[in-house]
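> Before we start, here is the structure in question, set down as structure tokens.
The values are calculated or read from the model by the stated rules, or taken from the named source; none is laboratory data. All values reported here derive from a predicted model rather than from experimental measurement. Every residue, glycine as well, gets a Cβ built from its backbone with ideal geometry; the counts of neighbours run over all protein chains shown.
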Amino acid sequence: MKVAVLGAGGKAGSEITKELLSRGHEVIAIGRTAETLPSGEGVTAKVGDVSDPDALAKLVQGVDAVISAVHFDIPASTFITGLKKAGVERLLVTGGAASLYNADGVMLYDAPGFPEAIKPFVKPAIDFLNDLREEYELNWTFFSPAMNFFVGPRLGTFRLGENTLVTDEKGESNISYADYAIAMVNELEQENYPRERFTAAY
């Protein structure tokens, strides 16, 4: 497949790009600065502003799917409009964990003990997911990582969930960017969660 990765120079985006290339996909690596973008065989680097729907449409023209690994200062409507202009039907989004639910069925964002200081930073991701849930034409998937999302080894093993935080026997929720990338590309190839959210952790 020909896949555009938005934010390809970041921690998640660079690992997703590596995983795509390892499976023989062609990558359009998109970011704000050329210096941070991946290069090499199978990669076409493009510098651009994805916060404008028309600019985004030009950047992703002709791809089979778009994987976003950018921050949520850009609303979902921008991505939806841009991809529709470009005729791209598949969007996968690197989400956040705050919109997941705990074992008691309470959204982590609303649960006791959730740090007030970070609420303004994670709320846009919750809004983004809610906006996607109102979109019925674009084939989107929102992939929430574990609570602890870190630079670490590619183990190749993890567990999947849907709307509830996945935790281990210690009650911890962890995944490396490298293993997250495996699950992301699996979803691209298999489409197990069309117009849904899912999550993964060890």
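> Return the pairs, sorted by first residue and then second, in which the second residue is in a helix (DSSP H, G or I) and surrounded by fewer than 18 Cβ atoms within 10 Å (Cβ to Cβ), the first residue lies in region 115-139 and is of a type in the set (D, E, K, R), the beta carbons are less than 8 Å apart, and the residues are 6+ apart or on different chains.
Filtered contacts from region 115-139: ASP131/SER77; GLU137/LYS84.
> Could you check region 34-53 and list, in sequence order, the residues that are at pLDDT 95 or above and part of a helix (DSSP H, G or I)?
If the condition is that a residue be at pLDDT 95 or above and part of a helix (DSSP H, G or I), then PRO53 is the only one that fits.
> Of everything in region 54-111 that's among the charged types (D, E, K, R) and more than 18 Å from the chain's Cα centre (by Cα), which residue is farthest from PRO38 (Cα to Cα)?
Going through the qualifying residues, I end up with ASP104.
> Moving to a separate point now. Just to check your reading of the model, which residue among ILE118, ILE80 is surrounded by fewer than 20 Cβ atoms within 10 Å (Cβ to Cβ), at pLDDT below 95 and β-branched (Val, Ile, Thr)?
ILE118
> Still on this structure, I have one more. Of the residues LEU138, LEU160, LEU165, LEU155, which single one is of a type in the set (A, V, I, L, M) and within 21 Å of VAL88 (Cα to Cα)?
Testing whether each residue is of a type in the set (A, V, I, L, M) and within 21 Å of VAL88 (Cα to Cα) leaves just LEU138.
> In addition: Looking at GLY62, GLY113 in this structure, which one is at pLDDT below 95, at positive phi and among the small types (Gly, Ala, Ser)?
Exactly one of GLY62, GLY113 is at pLDDT below 95, at positive phi and among the small types (Gly, Ala, Ser), namely GLY113.
> Another one. Taking region 156-202, which residues are in contact (Cβ under 8 Å) with a residue 24 or more places away in the chain and part of a helix (DSSP H, G or I)?
Within region 156-202, TYR177, ALA178, ASP179, TYR180, ALA181, ILE182, ALA183, MET184, VAL185, GLU187, LEU188, GLU189 meet the criteria.
> Shifting gears a bit: So, in region 140-155, how many residues would count as being touching a Ser or Thr at 6+ places or on another chain (Cβ under 9 Å) and either within 14 Å of ILE16 (Cβ to Cβ) or in a loop (DSSP other than H, G, I, E, B) (or both)?
Qualifying residue count, region 140-155: 10.
> Only one residue in LEU92, LEU56 is touching an Asp or Glu at 6+ places or on another chain (Cβ under 7 Å), modelled with pLDDT of 95 or more and crowded, with 21+ Cβ neighbours inside 10 Å, so which one is that?
When all the criteria are applied, what remains is LEU92.
> With respect to VAL70, determine if the residue is within 22 Å of ASP179 (Cβ to Cβ), in a loop (DSSP other than H, G, I, E, B) and β-branched (Val, Ile, Thr).
Criteria met by VAL70.
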